[in-house]
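See structure below.
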Amino acid sequence: MIKAIFCLALMTAPVMAQDTRQGSAAMLRGLDKVSGRTTDLVVPVGDAVNYGRLEVRVGECRYPSSDPSSDAFAQLSVTDLRQNTTVFSGWMIASSPALSALDDARYDVWVMSCQS
């Protein structure tokens, strides 16, 4: 019952729109879980990079205009090149990478920031 009341309160509360700017590239970090190596990937918006057997494509990268160094979020599409299947498609948020995460046995990829 408390959960239902909390959800109702969240749905009826006014939503504050955040003023954002669009970055020209996304700074991503990849982790190879087998080797333990991390790799920083700078991917221009509209382009893709290969990371292991994955192709990571950035559709958009946005950040709060009031604080460019804070919470970036990016629209990503990740394809497994060996199986030719999309393994992730959606938005990732830098401050909450587990909220919408890539589910892959070997690799993790998450958003660090946007570059203007």
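Close contacts from segment 101-112, counting a first residue that is in a loop (DSSP other than H, G, I, E, B) and a second that is basic (Lys, Arg), with Cβ to Cβ under 9 Å and a gap of 6+ residues or different chains, come to Asp104/Lys33; Ala105/Lys33; Arg106/Lys33; Arg106/Arg53.
Exactly one residue among Gly30, Gly36, Gly23, Gly46 is surrounded by 14 or more Cβ atoms within 10 Å (Cβ to Cβ), small (Gly, Ala, Ser) and modelled with pLDDT of 95 or more, and that residue is Gly30. In segment 75-89, the residue that is nearest to the chain's Cα centre (by Cα) out of those that are farther than 16 Å from Ala26 by Cα and in a strand (DSSP E or B) is Phe88. Per the listing Arg62, Arg82, Arg53, the residue uniquely closer than 17 Å to Gln115 by Cβ and out of contact with any helix residue (DSSP H, G or I) (no Cβ under 9 Å at 6 or more places or on another chain) is Arg62. Counting residues in segment 4-17 that are hydrophobic (A, V, I, L, M, F, W, C) and at pLDDT 90 or above gives zero.
Taking segment 59-116 as the range and being in contact with a Pro (Cβ under 6 Å, 6 or more places away or on another chain) and small (Gly, Ala, Ser) as the test, only Ser70 passes. Every residue in segment 52-69 that is hydroxyl-bearing (Ser, Thr, Tyr) and surrounded by fewer than 19 Cβ atoms within 10 Å (Cβ to Cβ), please. Passing the criteria: Ser65, Ser66, Ser69.
Filtering Ala101, Ala72, Ala105, Ala94 for residues that are within 9 Å of the chain's Cα centre (by Cα), surrounded by fewer than 16 Cβ atoms within 10 Å (Cβ to Cβ) and among the small types (Gly, Ala, Ser) leaves a single hit, Ala101.
The values are calculated or read from the model by the stated rules, or taken from the named source; none is laboratory data. Note that this is a predicted model, so its numbers are computed, not measured. Counting neighbours? That spans all protein chains shown, and the Cβs are built from the backbone with ideal geometry, glycine included.
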